[in-house]
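Structure, as structure tokens:
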Amino acid sequence: MLNRKIFDSLETWYKGDRAKAPLLDGARQVGKTTTIREFARRHYKHFIEINFVKRKSAKKAFDGDLDTHTIIMNLSAMGYGPFVKGETLVFFDEIQDCPGARTAIKFLMEEHEYDFIESGSLLGINYKGGEDEEEEEQQKQAQEDEDDIVASYPVGFEERINMYPLDFEEFLWAVGITQEVIDTLKECYVKRTPVPALIHEQMMKYFRQYLVVGGMPEAVQKFVTDEDFQKVVSIQKSIVDSYRDDISKYAGKEKVLVKRVFDAIPSQLAKKDKRYVLADLEKGASRRKYADPTQWLIDAGDAYYSFNTTEFKLPFSTTENRKLYKLFLVDTGLLTYMSLPKMQFQVMNGDIHINEGALTENFIAGELVKKGIPLHYYDRQSKQELDFIYKWETGIAVLEVKSGEEFKDHKSLDAILRNSPDKVSRAMVFCRENLFVEDKITYYPLYMAMFL
């Protein structure tokens, strides 16, 4: 069983008053179900798992009255149980397929005879187009019915927790790196002192493994167990295929456009500026046409936006240009699989430089997102370009990603430090090299992004 940081959030909930039901939200196959099962094993005598996709008939338990007694009686009649007050955790899995169950959470938590926890994917997806007029009308009616239910969702009775693929620190736990080593790295990060040479060399090796394996739990577990990259690749293929299947199933009329956006992410990130350009997808492509399909991927958790800001000042929302953006994939291992098929060995051994910038920048983006940091990049008429900027303390943190040997070539960062030194609270370059400080810039090894 992989150790995940999300257990800390669930432990905090368990030790509290448990007045709200945790709702684990995230992309497919990031480990939500496995995590909840393990959490239940640790704390409850009785665990009842209800998956509304695998057993669609379970939805009928929520068709009538939504009081605890009626719902538990209905579920018991379907064979679920035993329900023992004070000793039972009830798990609603794939909650997005049963809006009635989500509505019922309010009443179940108010009466609080049992503990409840939810998980779901595609929770932000609220439209599905039809393929013809008849189906479209059916979809419209279904959406209206669902909107009535959504309006009564249990605001104030859910605690939404975002879940992501394993970050790099969790990956290190998985491959057996001791906490003592990680603490040593953290101390170097905080004090801004070089990492012992041998440890640095080993961490860069693990970092390259992470670029290939990524953080999807099944892929990580297979790598830890078998150390067979071909089996890892097979799992990654299955995950990417499942994402495409979800697009076909849930995106309706938009599915062709959504797939087009999704499949183009690797090639868009491979460009020097990594900006997503719709004109590369088709001649005359417009933001209006592709806004919803792109947002579908964001809502599904499959990708992350990084929006452009044209002014180097806070708050970024006042100068954010949502017509200019980058799209990062939810997992760098999946990006490696999609962009560099059959070249995983070269990536792991540092023998490839093509697309490496895309992989490292995607890695940094993922580490920031997992820490709740919104993604923005700075680009002022292509004269000054900064990979990531975010609020830090009273100013702006600037983070540049350099995958190659010319990691000291950062003219835009130099210009910002020269022209707006009072606005920069932190200047960083993440690169292959060991940690050092020079001219107000801290150069961190790439793997230290886990401590941001």
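Throughout, read-outs are computed from the coordinates displayed, never taken from laboratory work. Predicted model, so just to flag it, every value in this text is computed and none were measured. No Cβ is skipped: glycine too gets one built from the backbone with ideal geometry, and neighbour counts run over all protein chains shown.
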- Item | Zero-based 5 Å bins, Cα pair distances in the range 302-401, whole percents | 2, 12, 22, 21, 17, 12, 7, 4, 1, 0
- Task: For a quick protection proxy, order the peptides 109-119, 47-57 by their average other-Cβ count within 10 Å, most packed first.
- Result: 109-119, 47-57
- Task: Give, rounded to the nearest 20 debye, the magnitude of the charge dipole that the chain has about its Cα centre when Lys and Arg contribute +1 at Cβ and Asp and Glu contribute -1 at Cβ.
- Result: 1140
- Distance cut-off 15 Å, percentage of C-alpha pairs in the range 176-224 lying past it: 54
- Extending each Cα 7 Å along its Cβ direction at residue 411 and residue 33, get the distance between those two points in nm, one decimal. 5.3
- Item | Between the range 359-394 and the range 298-341, the alpha-carbon center distance in angstrom | 9
- Note on the structure: Simple spin-label estimate for residue 392/residue 125, 7 Å along Cα→Cβ, in nm, reads 3.7
- Mind listing the phi-derived Karplus ³J(HN,Hα) values for the range 435-452, rounded to whole Hz, using 6.51, -1.76 and 1.60 with θ = phi - 60°, and x for any glycine or proline? 6, 7, 10, 8, 6, 6, 10, 9, 9, 9, x, 3, 5, 6, 4, 5, 9, 4
- Taking the mean number of other Cβ atoms within 10 Å as a proxy for protection, how do you rank 182-192, 204-214 from highest to lowest? 204-214, 182-192
- Largest-first semi-axes in Å of the equivalent ellipsoid built from the Cα gyration tensor of the range 55-101 are 17, 12, 10
- Placing +1 at every Lys and Arg Cβ and -1 at every Asp and Glu Cβ, with all other atoms neutral, what dipole size does the range 174-222 have around its Cα centre, in debye to the nearest 20? 160
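Pulled fully out, how much extra length does the chain show between residue 7 and residue 238, if you take 0.36 nm times their separation in residues and subtract their Cα-Cα distance?
Going from the current span to full extension adds 80.5 nm.
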- Roughly what would the spin-label model give for residue 283 and residue 56, points 7 Å off Cα along C-beta, in nm? 4.3
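Output the antiparallel fraction of DSSP beta bridges having both residues in the range 168-451, as a percent to the nearest 5.
Numbers: 18 of 31 bridges.
In the range 168-451, DSSP labels about 60 percent of beta bridges as antiparallel.
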- Message: In Å and on Cα atoms, what radius of gyration and Dmax does the range 145-297 show?
- Response: 20.8, 62
- Query: Quick one: helix 179-191 against the long Cα principal axis of the chain, what's the angle to the nearest 10°, folded into 0 to 90?
  - Reply: 50
- Message: Compute the helix-to-body angle for 133-150: its Cα long axis versus the longest principal axis of the chain, expressed 0 to 90° and rounded to tens.
- Response: 90
- Counting only residues 5 or more apart in sequence or on a different chain, those whose built amide H sits under 5 Å from that of residue 385 are 412
- Listing 34, 178 by rising number of other beta-carbon atoms within 10 angstrom, fewest first, gives 178, 34
- Report the full-extension gain for the segment residue 70 to residue 190: residue separation times 0.36 nm, less the Cα-Cα distance, to one decimal in nm. 37.7 nm
- With volume of the Cα convex hull per residue in Å³ defined as stated, name the option among [x] 136; [y] 164; [z] 150 computed from the structure displayed. [y]
- Message: Explain nothing, just the number: relative contact order of the chain, from Cα pairs under 8 Å at least 6 residues apart, as a whole percent.
- Response: 15
- If the label point is 7 Å along Cα→Cβ of residue 227, which residues in the range 198-213 have backbone nitrogen under 11 Å from it? none
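In whole Å and largest first, what semi-axes does the C-alpha gyration tensor of the range 313-362 yield when each eigenvalue is scaled by 5 and square-rooted?
31, 11, 8
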- Query: Fully extended, how many nm does the chain gain between residue 263 and residue 342 (0.36 nm per residue separation, minus their Cα-Cα distance)?
  - Reply: 26.7 nm
- Item | Sum of -39500 (n - 2.57) over DSSP H runs of 4+, divided by residues of the chain (222 nm, nearest 500) | -13500 deg cm²/dmol
